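Working notes, beginning with the structure itself.
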Amino acid sequence: MCRRIFILFLFTIDNSPLTLYAQETPVSTLEQQIENLTDVDQAETEDDSYHQQWERFGKNPLNLNIADETDLRELKILSGLQIANFILYRKLFGKFISVYELQAVPSWDIHIIKKLLPFITVADPVTISDVFKIRFKDGNHGLLFRYSQVLEESKGFVDTTTSTKYLGSPPKLFFRYRYQYKNLLQFGIAGDKDAGEQFFKGAQKLGFDFYSFHLFARKIGVVQSLAIGDFTVNMGQGLIQWQSLAFRKSVDVMGTKRESPFLRPYNSAGEFNFHRGAGITLQKGNVQGTAFVSYRKLSANFVADTVSHEEYITSFLNSGYHRTESEIADRHQLGQSAFGGNLKYKNDNWHAGVNAIVFNFSTPVQKRQEPYNLYAIGGNGWSNYSIDYSYTGRNLHFFGEAAVDKNFSTAFLNGLLISVDPRADISFLHRKIDPQYQSINGNAFTENTYPTNENGFYSGISIRPVFAWRLDAYIDVYKFPWLKYLVDAPSNGTDFITQLTYIPNREVEVYTRYRSETKQGNQPGNSTPTNYLVKLPRQNWRTQISFRINSSIAVRNRFELSWYDKNGKNAEKGFLTFFDIIYKPMLRDYSGNIRLQYFETDEYDSRIYAYENDVLFYYSIPATFNKGYRYYLNLNYNVNSNVSFWLKWSQTIYKDVESIGSGPDEIPGSVKSEIRLMMRIVF
């Protein structure tokens with residue numbers, strides 16, 4: 001105890017960097033991760049769980065003296081090595097005296113502690129029995145209403161063709177009611193209507209196209225988690241199942257390990273990636289077990305073969321759109337039941353778990369007869385099984401998962417995180433996934449969107465040579481042993497990134513980043529009888545400067561260049577720059593920000609993504625290509641402590657185009673305008 005007090009005394013009297021900074025949220029890293037994820041998936045995520053968690057912990061900071069591994073994973077900030085070292089440190093030295101003591105935890109640095117400060121506290125523990133008595137009366141009720149609309153009328157709203165005409169109205173609507181007490185109890189309901197979907201008429205006589213209900217409780221004696229309604233299931237490292245928001249390669253080179261509780265509540269707007277039913281996690285000593293059961297109706301392409309008199313599903317539809325007659329006809333075409341679970345044993349510095357998940361379909365699945373679909377999921381059901389494991393020893397953390405599917409095709413993923421010095425960390429990750437291996441909801445740390453048909457090795461390093469400077473870099477080398485969509489032969493690729501960040505004080509942050517990725521693909525525009533592969537390199541160079549002028553005003557400026565197949569047959573290049581002004585006065589009820597952006601790219605392949613500030617709990621990462629300007633204005637006003645309003649107005653003005661978009665979403669002219677309004681009531 002005396003030793004800990006002496007250490008704390010040194011940190012307190014020393015001019016430690018920790019004392020020089022105000023609390024900050026981990027927004028900068030999240031923005032880059034979301035941009036990368038959107039680029040890979042070609043779609044913006046509707047999973048706002050990150051922002052919900054950070055707001056919850058901001059209002060009810062996590063007590064480090066009682067936080068377990070599950071709680072620390074929920075923060076989505078710490079690596080597996082940092083979590084393991086924290087647990088071991090607390091077990092060795094006992095309760096924390098102050099947050100300053102975190103600087104003594106191995107592999108924890110000022111950068112990480114700064115991110116954590118808004119969400120953590122150090123206090124005496126409160127017994128679970130005392131907490132349980134107030135779960136249903138001391139929480140917060142919250143109502144959220146969001147309205148969005150593109151003001152220009154797209155082709156789908158005026159088209160007379162039955163199969164492509166939007167039957168509903170242009171607004172996109174979302175509402176959510178939620179009761180929440182810390183991270184121990186929450187329940188609520190959400191509803192979502194996409195633009196073009198009907199509302200209280202036609203196919204949607206009950207109002208919203210999508211409804212979601214959930215009840216989720218934690219830490220009730222031996223019950224660690226109880227989920228009823230909609231929830232997500234996350235197993236191992238994502239080889240067989242991972243439904244929560246998860247990132248891949250980014251400048252967070254130590255974020256290669258999937259970190260999440262097995263069960264999590266779901267109350268976002270996305271209509272596909274969750275389970276509906278019930279789940280429970282029990283723990284006794286070092287043994288933890290989870291079981292769940294689910295049944296859902298999914299949208300899918302349904303085919304009735306009049307020759308063979310067979311009915312089957314050719315693909316799952318995960319967009320959530322039910323705007324036209326054909327999209328409505330595909331709604332709820334497939335019944336999917338699922339059940340599974342996990343049994344895990346955890347010791348002080350290692351764990352091992354067994355995972356299983358089984359699916360059954362009401363109609364057989366039969367993908368289109370294409371060469372790249374040779375090993376695709378088919379039949380009336382599917383199943384996956386795996387073991388996952390981890391080990392922490394001093395300054396290293398090893399983790400991995402080994403999986404098989406119903407046909408005994410295999411997948412392996414193993415990673416290593418090492419803190420080689422207080423100023424340097426390195427990470428390694430190897431994956432070997434058979435082309436035959438398939439999983440329905442897999443989402444691992446891979447180059448492919450789904451874990452299949454991939455062998456690769458990733459290595460990253462993070463160096464903090466002196467105060468205020470940070471260098472992050474990774475290289476990833478991978479192969480695809482079988483064919484892919486638009487890749488008609490086995491192929492390979494490499495991905496490299498390096499980023500230098502300079503943060504001399506709380507007013508200034510500068511980073512510059514270079515990324516180079518080369519993949520093989522079919523030659524675009526090939527007119528010969530047989531496709532052939534070519535290397536398609538893509539490079540990006542970005543520099544961003546953020547400067548806080550005073551306590552109320554900050555500015556941000558970014559420049560980015562993009563090259564696609566530079567000096568090749570398909571050469572394209574792009575440029576983007578924006579300037580932000582962020583106004584957030586202290587102790588005021590209002591705030592706002594504005595952006596002016598210019599972009600110029602040759603075509604879509606040289607597109608550039610830029611994260612945008614938006615209304616609370618909403619992600620906006622539009623892909624900018626062609627040539628033009630974009631600007632937006634965000635305003636927030638808090639009427640009182642219970643009622644808040646948000647407004648976003650954005651407009652993109654293109655040059656030298658006659659229309660924007662394609663198909664039913666095509667807008668005549670060169671201007672696209674969007675308005676988004678949100679109101680939240682907390683009581």
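The values are calculated or read from the model by the stated rules, or taken from the named source; none is laboratory data. Small disclaimer: the values here were computed from a predicted structure and weren't measured. For neighbour counting, all protein chains shown are included, and Cβ atoms are generated from backbone atoms with ideal geometry for every residue, glycine included.
The figures follow:
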| quantity | calculated |
| --- | --- |
| Which numbered condition E325 misses (of (1) at pLDDT below 95; (2) touching a Leu at 6+ places or on another chain (Cβ under 8 Å); (3) surrounded by fewer than 19 Cβ atoms within 10 Å (Cβ to Cβ); (4) under 30 Å from Q288 (Cα atoms)) | (4) |
| Residue within segment 240-249 that is over 30 Å from V158 (Cβ atoms), in contact with a strand residue (DSSP E or B) (Cβ under 9 Å, 6 or more places away or on another chain), surrounded by fewer than 21 Cβ atoms within 10 Å (Cβ to Cβ) and of a type outside the set (V, I, T) present | yes |
| Index of the failed condition, R542 passing every other in (1) under 30 Å from Y372 (Cα atoms); (2) surrounded by 15 or more Cβ atoms within 10 Å (Cβ to Cβ) | (1) |
| Which listed residue, of S562, S620, S641, S606, is closer than 22 Å to K519 by Cβ and out of contact with any Phe, Trp or Tyr (no Cβ under 7 Å at 6 or more places or on another chain) | S562 |
| Checklist (1) in a strand (DSSP E or B); (2) modelled with pLDDT of 95 or more; (3) not aliphatic (A, V, I, L, M) applied to E509, failing item | (2) |
| Helices (runs of 4 or more DSSP H) completely within segment 72-157 that count 2 or more residues being more than 21 Å from K59 (Cβ to Cβ) | 80-93, 110-116 |
| R178, sole failed condition from (1) farther than 18 Å from I134 by Cα; (2) surrounded by fewer than 22 Cβ atoms within 10 Å (Cβ to Cβ) | (1) |
| Every residue from segment 373-398 that is of a type in the set (A, V, I, L, M, F, W, C), assigned to a strand (DSSP E or B) and in contact with a Lys or Arg (Cβ under 9 Å, 6 or more places away or on another chain) | W382 |
| Tally of residues being out of contact with any Phe, Trp or Tyr (no Cβ under 6 Å at 6 or more places or on another chain) and farther than 30 Å from P524 by Cα across segment 534-551 | 7 |
| Out of A195, A190, sole residue that is hydrophobic (A, V, I, L, M, F, W, C) and farther than 30 Å from N63 by Cα | A195 |
| Qualifying positions in segment 179-197 - small (G, A, S), assigned to a strand (DSSP E or B) and closer than 30 Å to F157 by Cα | A190, G191 |
| Some residue of segment 343-354 being in a loop (DSSP other than H, G, I, E, B), touching a residue at least 60 places away in the same chain (Cβ under 8 Å), surrounded by 16 or more Cβ atoms within 10 Å (Cβ to Cβ) and not acidic (D, E) | no |
| Residues of segment 554-577 satisfying the condition of being in a loop (DSSP other than H, G, I, E, B) and aliphatic (A, V, I, L, M) | A571 |
| Residue count for segment 288-314, restricted to those that are surrounded by fewer than 18 Cβ atoms within 10 Å (Cβ to Cβ) and within 30 Å of T160 (Cβ to Cβ) | 6 |
| Criterion (over 25 Å from Y485 (Cα atoms) and among the β-branched types (V, I, T)) met by exactly one of I357, I313 | I357 |
| Members of segment 471-500 found to be of a type in the set (S, T, Y) and at pLDDT 95 or above, listed by number | Y474, Y478, S491, T494, T498 |
| Segment 158-172: number of residues that are without any contact (Cβ under 8 Å) to a residue 12 or more places away in the chain, in a loop (DSSP other than H, G, I, E, B) and hydrophobic (A, V, I, L, M, F, W, C) | 0 |
| Set G94, G58: member being more than 24 Å from F399 (Cα to Cα), within 23 Å of the chain's Cα centre (by Cα) and surrounded by fewer than 16 Cβ atoms within 10 Å (Cβ to Cβ) | G58 |
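Matching residues to (1) closer than 30 Å to R90 by Cα; (2) polar (S, T, N, Q):
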residue: L343; (1), (2): yes, no
residue: N349; (1), (2): yes, yes
residue: V358; (1), (2): no, no
residue: E401; (1), (2): yes, no
residue: D405; (1), (2): no, no
residue: T410; (1), (2): no, yes
residue: A424; (1), (2): yes, no
residue: S427; (1), (2): yes, yes
